[in-house]
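These notes concern the structure reproduced below.
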Amino acid sequence: MSAALETVGLEKRFGGIVATDNVSFRLEPGARHALIGPNGAGKTTFVNLLTGVLQPSAGTIRLHGEDISAMPPERRVKRGLVRTFQINQLFAGMTPLESLGVAVSERMGHGYEFWRPAGSKSVVIDEIVEIATRFKLVDVLEERTASLPYGKQRLLEIALAFACQPRVLLLDEPAAGVPEAERHDLLATVAALPRDVSVLLIEHDMDLVFSFAERISVLVNGALFTEGTVSEIANDPRVRAVYLGESLDG
Amino acid sequence: MPGTPTEIATRHLAETSRWKPLEFAFWLVAFGAIWLLPSHHLILNEIIITALFAMSLDLILGYAGIASLGHAAFFGFGAYFAGIFAIRVIGDPLTGLILATLASGALGFITSFLVLRGVDLARLMVTLGVALVLGEIANKMTWLTGGADGLQGVMMGPVLGLFEFDLYGRTAYVYSLVVTFLLFLLARRIVVSPFGLSLRTIRDNPLRARAIGIPVNRRLIAVYTLAAAYAGAAGALLAQTTQFVSLDVIALHRSADVLLMLVIGGTGYLYGGFAGAIVFKVLQDVISNWTPQYWTFWIGLILVILVLIGRERMNHRVAVLWARLRGKPEPRPRTIVGGH
Amino acid sequence: MLTILFDGIAYGMVLFVLACGLSITLGLMNFVNLAHGVFAMVGGYVTAILMNRLGVPFLLTLPFAFLVPAALGLVMERTLYQRLYARNHLDQVLFTIGLVFMAIAAVDYVMGSQPQLIQLPSWLRGRVDVFGVQVGLYRSFIIAVCSVLVVALQLILTRTRFGSQLRAAVDDPRVARGLGINTALVFAVTFAFGSGLAGLGGALGAEILGLDPTFPLKFLIYFMIVVTVGGTSSLTGPFFASLLLGIADVAGKYYVPSLGAFVIYTVMIVVLVFRPQGLFVKAR
């Protein structure tokens, strides 16, 4: 069975600097996989290569067996590779209702329909409500995104990605900056993501990694350092040396 | 009126597309002016054309976030096209209008690829550059455009073969108003459609728009083309109703003026262009009566103050006022979410 | 042919002195100052007023043509411009266009709309023959003065403490602030200095470019071309862009007058589309 997402010999150079160094990585279907690594390990570059914001210098990316290396970002999204952002990237002047509505209509291929009002199709509305319920956004659906509490914005960040019906979801530090009181809601929704969505979690917070992930990959200096189950990684002295020790100090 | 989430969601989405009482009032007054203000038809014609032009800029600036310093390129192109078409081919207004609109849209489509390449300042300069190049072409192709003397001898036939253009501008105003109204209806439909909503996501955050699968560049090309066609229609209306075209239609100050009007009227709700055009023309009239030569000083001052106070805050105040008039809770002030 | 080249160089040099301040403020503060030409106009009018009304000799007016706009620039920077650094480019464009409109009307009101004539001293008038090339004395003077300015600017940028602070601030204002550089002060001084240079350029160029109240609008496009084509990360980019523009404009008007400014605008668009960082900047 082909991997949900796979990279083969992926490489990215900026001038003389190798930001991603020959990464061959496999995300199994339905996986709960975490990608960790110290600051500057190249996690951001790796995510940008996966989503198509950057073009790789060498190597291929395959989504469910299909080569997507040369595809523009929005086409990858339509193929089911969706990401969230570490820093909220929302539509400040719109309501969650409208934002989710755009994502859902776009996925259903209504993006060029200019002759009918948004929301005149009940399938779209039903799905918006379903997603809003899942992500606890029902009571703020018609508020301006900019005036939502941070925790709700964070939920919307993930809900927007979910509205694209991902097959592979890249979660970039989903809990970053969320106050303790609102954290529980967020973690609960992440844990409740359906199993047919394969998840790659890019994370700093080790508690979250250990509670959520089943496998962990460690990225160091742009290269894949090691990979294993949670207990393997947790007990790997080399990982402790390059990563855990460092993060505990800092 | 509470309800299930589905009902609430349906209601809220429907509300954005429903006509508000003030909108009915506005168009009622605009059409009423045909009979109520017979002596002002010439200036009303000018205002409604300018408003259509400003609305076309709102489509790209207010809804898609593309600032342009050269939107007069399309206005001017439409005007010259309609004028030359009337002279060389046929004087029927509607044929000329439709062709000028399509041609301007085509020009917008072609130049959109230039505009999309750059970002921010480069984009501003490219829009400016396109207008300058076209202006220069119009200036030099004297045999076709009349150059600096302007395009003389435009003779228009009657609208629909029935209504001759008269000296008092009555036909002109009715013609421009009806065309503007129809184009407005279409625009109003577009901005609340899924397509229109996707444009607003691009305005708010192009990075995220792409990340939820919106083909940002193609959408921008589409709306830029549309806005160019609208601007071309406005230009064509001006050429046909005044039966004269000069280099002024494509000049830098026209691009600047329309931007100014839109900013005065507020962006992103389609009526900003109308409000701005009315305020601008009335101000122009009042101030030029008072100090004919120096009226640009006051326009400049308005711009400076507007920016210093903050356009956002001004728009917010208007929104608050608007909400109060309709007996709704006040919208909360905008805070920053995310970045680019 | 060589005369045209020579005139073009002189023209380009003036453009550089006029526009280099704009290029620095754009690079330093990412601020689009469309009102830059206003300072140039002020410099030109200072010289015109001093000469025509008070009989001050041309050369003696030049320091004032620098100082008055510089002082004006300093005041404006502290009171108005600095509020807009954090705003988006559209706001900056609207604001500075507003200033241009105000300045044009104000100068028109005070000085009238007629062009100002500057009577050059007799030793700068006329042309001489150098190895068979007709060389204008005033243009030679301009080239000499501007060359000195260019060298001086380059030295200030590369050799002085202020210059290194400025370059640090252009590279990364946040890091510069972290290094203890008073970026607000660097901004203000640079802005004033750039405005002063524009004023000087306006005074020197009055004879070549003409001087009337619409000056800031008329040459706005030229400034923006210099800046966008030259890039904002160094002075050499705008310098070569200015020379290129000057030569192209003079030669274009001489050889293919029918094309007018068409060529220049087209080149600008092409450069902007394919090299948005500027023609003389290494692509990143």
> If you scan the stretch C:81-96, which residues turn out to be more than 10 Å from every other protein chain (Cβ to nearest Cβ) and farther than 15 Å from C:Phe191 by Cβ?
Replying inline: C:Ala86
> Does the stretch A:107-115 contain any residue that is of a type outside the set (Ser, Thr, Tyr) and more than 7 Å from chain B (Cβ to nearest Cβ)?
Replying inline: yes
>> Under 8 Å between Cβ atoms, which residue pairs at least 6 apart in sequence (or on different chains) link something in the stretch B:11-37 that is surrounded by 15 or more Cβ atoms within 10 Å (Cβ to Cβ) with a partner that is outside any helix (DSSP H, G or I) and modelled with pLDDT of 85 or more?
In response: B:His12/A:Thr95; B:His12/A:Leu141; B:His12/A:Glu142; B:Thr16/B:Val192; B:Ser17/B:Val192
>> Restricting to the stretch A:130-148, give me the number of residues that are in contact (Cβ under 8 Å) with a residue 12 or more places away in the chain and either more than 11 Å from chain B (Cβ to nearest Cβ) or in a helix (DSSP H, G or I) (or both).
In response: 8
> Is there any pair linking a residue in the stretch B:284-298 that is at the interface with chain C (Cβ under 7 Å from one of its Cβ atoms) and closer than 19 Å to C:Ile97 by Cβ to one that is of a type in the set (A, V, I, L, M) and assigned to a helix (DSSP H, G or I), with Cβ under 6 Å and at least six apart or on different chains, and which?
Replying inline: B:Tyr294/C:Ala105; B:Thr296/C:Ala105; B:Phe297/C:Met102; B:Phe297/C:Ala105
>> Given the condition within 25 Å of C:Val170 (Cα to Cα), crowded, with 19+ Cβ neighbours inside 10 Å, modelled with pLDDT under 80 and not charged (D, E, K, R), answer yes or no: does some residue in the stretch C:247-265 qualify?
In response: no
>> Here is a check on your reading of the model: is B:Gln293 modelled with pLDDT under 80, more than 30 Å from B:Thr16 (Cβ to Cβ) and not hydroxyl-bearing (Ser, Thr, Tyr)?
In response: yes
>> Restricting to the stretch A:150-180, name every residue that is farther than 20 Å from A:Ser211 by Cα and in contact with a Phe, Trp or Tyr (Cβ under 8 Å, 6 or more places away or on another chain).
In response: A:Leu156, A:Glu157, A:Ala159, A:Phe162
> Assuming C:Arg78 fulfils every condition listed in (1) more than 19 Å from the chain's Cα centre (by Cα); (2) within 14 Å of chain B (Cβ to nearest Cβ); (3) modelled with pLDDT of 85 or more apart from one, which condition is it?
Replying inline: (2)
> Looking at the stretch A:149-159, is at least one residue within 10 Å of chain B (Cβ to nearest Cβ) and in contact with a helix residue (DSSP H, G or I) (Cβ under 6 Å, 6 or more places away or on another chain)?
Replying inline: yes
> So which residues in the stretch A:6-60 are under 30 Å from B:Ile214 (Cβ atoms) and in a loop (DSSP other than H, G, I, E, B)?
Replying inline: A:Glu28, A:Pro29, A:Gly30, A:Ala31, A:Gly42, A:Gly52, A:Val53, A:Leu54, A:Gln55, A:Pro56, A:Ser57
>> If I ask for residues that are facing chain B (nearest Cβ under 7 Å), part of a loop (DSSP other than H, G, I, E, B) and touching a Ser or Thr at 6+ places or on another chain (Cβ under 6 Å), which ones from the stretch A:65-93 would you list?
In response: A:Leu90, A:Phe91, A:Ala92
> Which one of these is hydrophobic (A, V, I, L, M, F, W, C), free of Cβ contacts under 8 Å to residues at least 24 places away in the same chain and within 26 Å of B:Gly70 (Cα to Cα): B:Leu182, B:Leu134?
Replying inline: B:Leu182
>> Just to confirm my filter: which helices (runs of 4 or more DSSP H) fall fully inside the stretch B:190-250 and include at least 2 residues that are β-branched (Val, Ile, Thr)?
In response: B:194-204, B:216-242
>> Could you tell me how many of the residues in the stretch C:225-246 are surrounded by fewer than 24 Cβ atoms within 10 Å (Cβ to Cβ) and not small (Gly, Ala, Ser)?
In response: 6
> Quick one: in the stretch C:102-133, which of the residues that are polar (S, T, N, Q) and either in contact (Cβ under 8 Å) with a residue 60 or more places away in the chain or within 15 Å of C:Gly44 (Cα to Cα) (or both) is nearest to the other protein chains (Cβ to nearest Cβ)?
Replying inline: C:Ser113
> With (1) away from chain C (no Cβ under 14 Å); (2) of a type outside the set (Ser, Thr, Tyr); (3) assigned to a helix (DSSP H, G or I); (4) without any contact (Cβ under 8 Å) to a residue 24 or more places away in the chain as the list, and B:Gly108 as the residue in question, which single condition is left unmet?
Replying inline: (4)
> For C:Leu99, are the conditions met, namely being out of contact with any Pro (no Cβ under 6 Å at 6 or more places or on another chain) and either among the basic types (Lys, Arg) or more than 14 Å from chain B (Cβ to nearest Cβ) (or both)?
Replying inline: no
>> Out of A:Glu28, A:Glu11, I need the residue that is surrounded by fewer than 22 Cβ atoms within 10 Å (Cβ to Cβ), of a type in the set (D, E, K, R) and out of contact with any Ser or Thr (no Cβ under 6 Å at 6 or more places or on another chain). Which one?
In response: A:Glu28
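The values are calculated or read from the model by the stated rules, or taken from the named source; none is laboratory data. Keep in mind that this is a model prediction, so the values were computed, not measured. For neighbour counting, all protein chains shown are included, and Cβ atoms are generated from backbone atoms with ideal geometry for every residue, glycine included.
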